[in-house]
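Written out below as structure tokens is the structure these notes cover.
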Amino acid sequence: MAYSTSSPAGQCVQNIINALPGLMAVAVVDATSGMALASHTNTPGLNPETAAAYNTEVVKQKQKAMAALKLTGERIDDILISLTNQSHIINLSDDGKKFIYLVVNSRETNLAIARDVCRQEAEILS
């Protein structure tokens with residue numbers, strides 16, 4: 001998906017690319033529909049739009065689990081999925097309406113920096 005830096009989602013994607021030039025993929029996603037508002041990939045075969053749709057279900061299921069556990073006053077900041085060579089980070093905006101989906105090579109990227117970049121950019125989306 002092409003993105004325009006004139007939209008908040010497109011600017012967010014560009015800021016993340018600038019901060020993490022070695023990223024594998026990134027998308028800004030509407031948390032209700034699962035549609036990518038802006039996305040970019042540096043990895044052939046890794047489609048961030050497809051991943052966005054599936055990860056929307058991850059977010060929704062975690063929200064249901066939190067409700068079932070009566071975790072009132074809590075909200076999801078981020079969800080980390082660690083694979084053998086990749087880290088997948090889902091970071092929700094403060095209002096919960098959008099999230100950033102980021103994939104980085106776990107051997108080449110500092111996880112703390114990647115999470116911090118996501119947190120900073122998620123603030124822009126609210």
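Which residue out of N55, N15 is surrounded by 12 or more Cβ atoms within 10 Å (Cβ to Cβ), closer than 18 Å to L125 by Cβ and out of contact with any strand residue (DSSP E or B) (no Cβ under 6 Å at 6 or more places or on another chain)?
On the way: N55 fails: out of contact with any strand residue (DSSP E or B) (no Cβ under 6 Å at 6 or more places or on another chain).
Just one listed residue meets the conditions, N15.
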Legend entry - Any pair with Cβ under 7 angstrom, 6 or more apart, that starts in the range 66-81 at a residue that is of a type outside the set (A, V, I, L, M) and ends at one that is outside any strand (DSSP E or B) and surrounded by 10 or more Cβ atoms within 10 Å (Cβ to Cβ): E74/M66; R75/G96; D78/R115; D78/C118
Inset, instruction - May I ask you to list pairs of residues, at least six apart or on different chains, whose Cβ atoms are under 6 Å apart, with the first in the range 96-118 being among the basic types (K, R) and the second being outside any strand (DSSP E or B) and modelled with pLDDT of 95 or more? - result: K97/A31; K98/A31
Inset, instruction - Kindly indicate whether any position in the range 57-70 is under 25 Å from Q14 (Cα atoms), in contact with a Cys (Cβ under 6 Å, 6 or more places away or on another chain) and of a type outside the set (G, A, S). - result: no
Inset, instruction - Only residues that are over 12 Å from the mean Cα position of the chain (by Cα) and either within 11 Å of L102 (Cα to Cα) or among the acidic types (D, E) (or both): list them for the range 32-59, please. - result: T41, E57
Legend entry - Of all residues in the range 28-43 being in a loop (DSSP other than H, G, I, E, B) and among the hydrophobic types (A, V, I, L, M, F, W, C), the one that is surrounded by the fewest Cβ atoms within 10 Å (Cβ to Cβ): M35
Legend entry - Complete set of residues in the range 17-31 that are in contact (Cβ under 8 Å) with a residue 24 or more places away in the chain, among the hydrophobic types (A, V, I, L, M, F, W, C) and over 13 Å from F99 (Cα atoms): A19, L20, L23, M24, A25
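Which ones in the range 64-110 are assigned to a strand (DSSP E or B) and hydroxyl-bearing (S, T, Y)?
The answer is S82, S87, Y101.
Quick check, is T56 in a loop (DSSP other than H, G, I, E, B) and either in contact with a helix residue (DSSP H, G or I) (Cβ under 9 Å, 6 or more places away or on another chain) or not charged (D, E, K, R) (or both)?
Numbers: in a loop (DSSP other than H, G, I, E, B): no; either in contact with a helix residue (DSSP H, G or I) (Cβ under 9 Å, 6 or more places away or on another chain) or not charged (D, E, K, R) (or both): yes.
Considered against the rule, which asks whether it is in a loop (DSSP other than H, G, I, E, B) and either in contact with a helix residue (DSSP H, G or I) (Cβ under 9 Å, 6 or more places away or on another chain) or not charged (D, E, K, R) (or both), T56 comes out as no.
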Inset, instruction - Filter the range 98-107 down to residues that are at pLDDT 95 or above and of a type outside the set (S, T, Y) and give me whichever is farthest from N47 (Cα to Cα). - result: K98
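The values are calculated or read from the model by the stated rules, or taken from the named source; none is laboratory data. All values reported here derive from a predicted model rather than from experimental measurement. Please note: Cβ atoms are built from the backbone with ideal geometry, for glycine as well, and neighbour counts cover all protein chains shown.
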